[in-house]
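Shown next, in C-alpha cells, is the structure this report addresses.
Since every read-out is calculated from the coordinates, none of them should be taken as a lab result. In this text the structure is predicted, and so the values were computed from the model without any measurement. Positions of Cβ are backbone-derived with ideal geometry, glycine not excepted, and every protein chain shown enters the neighbour counts.
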C-alpha cells in the first residue's frame, strides 16, 4: 500500500522570501484586530459584564414575539432575545438591573416565572452573574492568559536563547490578538469558554513554534557556516511535513465537532479551529522571521565563555593542586 | 532499538492496564457499577453541572454584618458584665459608632477596674495579637477597637458554621449529592446536581432564621414607639402583619440556639399550618420561668428582627414547646421548620452567581458531544493510517490509550469534566497526535538520509524527543499558571491539560516505542514503509 505523503520528499519552498510581505500583512491584521476590539468591542457574555443569560428550550417552536412581549411587560430593562441553535431554543440576554445582587436574582426568577406561566414544559439554563463576580472573572481570566504567555516565554528563553523567547511571545500575542479580532468582527459571544479556547490556541501555537525552534536550534549547531535565512528555510521545509499532518488532523477533528457537536460548544470549537489556522501560519511567518530581525546566528548556541575567556582564566588555588 | 528490557514491557503494560481499569466505570451507569465485584474500581468521572445539569450558586457573606454583630455582642457583654461586677461599675454614653465600642465610666476611681474587665473579655488570636485592643482616654473613657486578626478569626468561624447551616438547609436528609464548600475567606459554593429550579433553594438560603422570644415592653409610650424610639433596654421592631411597630425588651427569653426541634404542624385551634418548636432543657426552663412570672402579658416571637406575632401569655408554658403561626402555607411552614432546625445563619448570605442548566439540555450536549468526538476520533485515525501505515496503527493504539488513561486518571482523582475541560481534552489529543507525527516524520527523514531501518527508528525517537519534551513542558507551565490564577472554568481546563500532557507523552513516546521494538524484534524488518 502506498502511504499518503502530504509534502513530497525534498520539498524546498523559499518561505523566507515572502517574510516581509507576510510581516506587513500580519502587522496590518493585528492592528486592525486591536482597533476593531477597541472600537467595536467584544460581545462580552454575562461572565464578564454581569447580568443574565437565559436559554429557554420550548416543547414547540419558540414563540419569540410572545416571549418578547411577556418579558417587556416585566419592565426589567432591555432584553435581547434571539434563537439559539434551533427553532425551539431562545437565548435571552439581560444586563445587570440596578439595585445590586438581590435585584439581579429577583429579575431572573421573574423572567422564568413569566415564561413557565404559559409554557410549563420549558427547560431552562440560567446564568446570573453579579457585577462583582464578573469583574473578578474578567481579571482572573486576563491574568491567567497573560501569566501563561509570560511563563512560556521565560522557559523558552532558558531553553533556547532570549531571541526565541521574544519570538514565541510575539507569536502568541499575534495569535491572541487575531482571535479576539475575529470575535469582535463576528460579535460571537465572548465568555469563559472562549477564554479556554484562547488558552488552547496559545498551547497549540506554542507547540508548533517550539517544534520549529527545536529544528532551527539543531540546524544552527549542525550548519555552522550557513546564513540564517537559508537555514530557516531548511528548517521550515524539514518540519513542513509534520506541520501539515498535525494541523490537518487537528482541523479534521475540529470540523467534525463543529458540524456534529452541540450548539453550546460552537463558539469554543470555531475559536480553536481558527486559532489552529492562525497558529500554523504564525509559527512559520512570525516565529521564524523574528529570529532574523533579532540577529540569531550560529554563534548563539556556542557555550558562553568557551573561546577566549577560558584561556585568560587564572587557575585558582584549589585548582592548582 | 531492539533491546527493550522485559521489565519495561511489564511496567508499561501494567500502568496501562491499571489506568484502563479505572476508566471503565465511567462508561457505565452508576447503578450498574454498584453491582460489580468490589475489586473493580467504582470511582467515576463526575460531569460538571454545565454538562450534567443542575444548579450552581455562589454565596457571599456580608462581612460588615459580622463586624456589626461582634460590636453588638461586646456592647452587651460590657453592659451586663459591669452591672454585675462587684462592686457594680456604672457606665454611660456607650456607643458603637465608627466601628469601635466606647463608653464612659461614671466614677473615675473605677476606671481601672472597668479597663481590667474590658481587657479580660478579649482573647488572643492564635499566637498573634488579641482580638480587640483596649485603651483609655481622658481618664475615664474606654475605647475597644476590633483588630483585623480578631475580625478575620470571627469571619472564619462564622463562615465554617454558615457552611454547616447551608449544608443542612440544602440537604436536610443527607440524601442528595450536593457540594457545599467554602471559597476564599467569605464565600460558599453550593452545587446541586439535577436541580432545575433553584428558586426554592435561594429562598431557603436567603433567610438568616434567627429566632428569638422576647417580652413586649409595655412601659413604652406608643407614640414614641411609632417614631422608632424605645426606652433604655428595649428596641423597636416591625410587625410582620399590619405594618405596625412594637417595642420589645432587648434581652431574649430564649433564642433559636436553644432549639432542639422544629417541625411543620397545624395550629390546634384553627388548623392553619405553622411550625411547632421544642426548646432544650435550659431554654425550656427559662421560658417556663418567664411565662410563669408574666401571665397575662404579651411576648413576641421574632424571626430575623421581624415580630411574627405577639400573643398574650394565658398560662405558664412549662413543656418547653411553642407554636409559631401566621400566614403560612404547608410548604412555607416546612421551609421555616428546615431553616429553624438547621440553625440560624451566623451571617447574611447573598447569591452573587447562579448557573443553572436544565438536565435535559445537559444530556443533549453530552449525546451530541459524544457522537461528534467519536466521529472526529475515527477521522483522525483514518488519517493516521493512510499516512503512516503500520506506524499509524501504533499511533492509533497510543491515541485511544491516551484518551482512556486521561479518563482513568480523572476518575482516580474524582475530577469533574466540564465544557472547558473538553477543550483541554481536544488540546491534549492534539498534542498526542503531534508527538506521534513528530516521531514518524523524523523516522522518514532519517530513512531518507540513508540510515538502515533500525537506526532510522532509533534516531527518529531520539531526535524527536527534545521537541516533544520542550513543547510539552511549555504547556505544563501554562497549565500550572492557569490553575493557580484562573477561575473555576479555566481551572477545569488546566486540570485536564496537566493530566493529558503526562499521558500523551507517555503513550506517544513510551508505548509506541515498546510496540515498535516488539515488532522489530520479531520480524527483523529489512525495509520500512512509513
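With the largest listed first and rounded to whole Å, the semi-axes of the equivalent ellipsoid of chain A from the Cα gyration tensor are 51, 24, 16.
Convex hull volume of the C-alpha atoms in segment B:210-341, normalised per residue: 103 Å³. For segment A:51-129, the relative contact order works out to 46 percent when only alpha carbon pairs closer than 8 Å and six or more residues apart are counted.
Rounded to the nearest 5, the antiparallel percentage of DSSP beta bridges internal to segment A:51-129 is 100%. Result for chain A in a Gaussian network model with C-alpha springs under 10 Å: among A:266, A:58, A:190, the largest mean-square fluctuation is at A:58.
When chain A is treated as a GNM with alpha-carbon contacts under 10 Å, the residue of A:200, A:209, A:116 showing the greatest mean-square fluctuation is A:116.
Of the peptides B:52-65, B:32-45, the ranking by mean beta-carbon count within 10 Å, highest at the top, reads B:52-65, B:32-45. Distance between the C-alpha centers of segment B:146-196 and segment A:7-60? Whole Å please. The two parts, judged by their Cα centres, are 41 Å apart. Taking each DSSP H run with n ≥ 4 as -39500 (n - 2.57) and averaging over every residue of chain A yields -21000 deg cm²/dmol at 222 nm.
Per residue, the convex hull spanned by the Cα atoms of the protein assembly as shown amounts to 274 cubic angstrom. Peptide B:386-398 has a mean shielding of 2, counted as Cβ atoms of other protein chains within 10 Å of each residue's Cβ. If R0 equals 30 Å, the separation of the Cβ atoms of residue B:318 and residue B:239 corresponds to a calculated FRET efficiency of about 0.65. Here residue A:87 and residue B:270 are evaluated by their C-beta separation; at R0 = 45 Å the FRET efficiency comes out at 0.30. In whole angstrom, segment B:398-530 maps to an equivalent ellipsoid with semi-axes of 33, 15, 10, each derived as √(5λ) from the alpha carbon gyration tensor and ordered largest first. A protection proxy built from the mean count of other Cβ atoms within 10 Å ranks the segments A:28-35, B:387-394, most packed first, as B:387-394, A:28-35. Simple spin-label estimate for residue A:146 and residue B:137 gives 4.1 nm between the two label positions (7 Å along the Cα-to-Cβ direction from each Cα).
Assuming a ≥ b ≥ c are the square roots of the Cα gyration tensor eigenvalues, decide whether segment B:98-257 counts as rounded (a/c under 1.5), prolate (otherwise, with a/b larger than b/c) or oblate. Since a/c reaches 1.5 but b/c is at least a/b, the shape of segment B:98-257 is classed as oblate. Counting Cβ atoms of other protein chains within 10 Å of each Cβ in B:494-506 and taking the mean gives 1.
Modelled spin-label separation between residue A:78 and residue A:263, with each label point placed 7 Å from Cα along the Cα-to-Cβ direction: 2.3 nm. Only Cα pairs under 8 Å and 6+ residues apart enter the sum, and on that basis the relative contact order of chain B stands at 19 percent. Approximating the spin labels as points 7 Å out from Cα along Cα→Cβ, the residue A:103-to-residue A:9 distance works out to 7.4 nm.
Taken residue by residue and averaged, Cβ atoms of other chains lying within 10 Å of the Cβ of B:453-459 number 0. Note on chain B: Cα convex hull, mean projected area over all directions, 35.4 nm².
The distance from the alpha carbon centre of segment B:353-393 to that of segment A:184-230 is 25 Å, rounded to a whole number. Treating r as the C-beta distance of residue B:305 and residue B:94 and R0 as 25 Å, the FRET efficiency rounds to 0.75. In percent, how large is the relative contact order of chain A, given Cα pairs closer than 8 Å and 6 or more residues apart? Averaging sequence separation for qualifying contacts and normalising by length gives 24 percent for chain A. Here the gap between residue B:297 and residue B:527, fully extended at 0.36 nm per residue and compared with their Cα-Cα distance, gives a gain of 72.3 nm.
Note on chain A: GNM, Cα springs under 10 Å; of A:197, A:73, A:142, the largest mean-square fluctuation is that of A:73. Dimensions of segment B:4-156 along the principal axes, based on C-alpha atoms and rounded to the nearest Å, stand at 90, 41, 27, largest first. Give the Rg/Rh ratio for segment A:51-129, taking Rg as the radius of gyration of the Cα atoms and Rh as the Kirkwood radius, to two decimals. Here the Rg-to-Rh quotient is 0.94. Cut-off 19 Å, label point 7 angstrom out along Cα-to-Cβ of residue B:181: give me the residues of segment A:106-137 whose amide nitrogen falls inside. In segment A:106-137, the label zone of residue B:181 (backbone N under 19 Å from the point 7 Å along Cα→Cβ) covers A:137. Among A:16-25, B:212-221, the peptide with the highest mean count of other Cβ atoms within 10 Å heads the list, and the full ranking is B:212-221, A:16-25. Cα centroid separation, segment A:66-83 to segment B:43-81: 34 Å. Working note: 222 nm ellipticity from helices only, DSSP H runs with n ≥ 4, each -39,500 (n - 2.57), summed and divided by the residues of chain B, gives -17000 deg cm²/dmol to the nearest 500.
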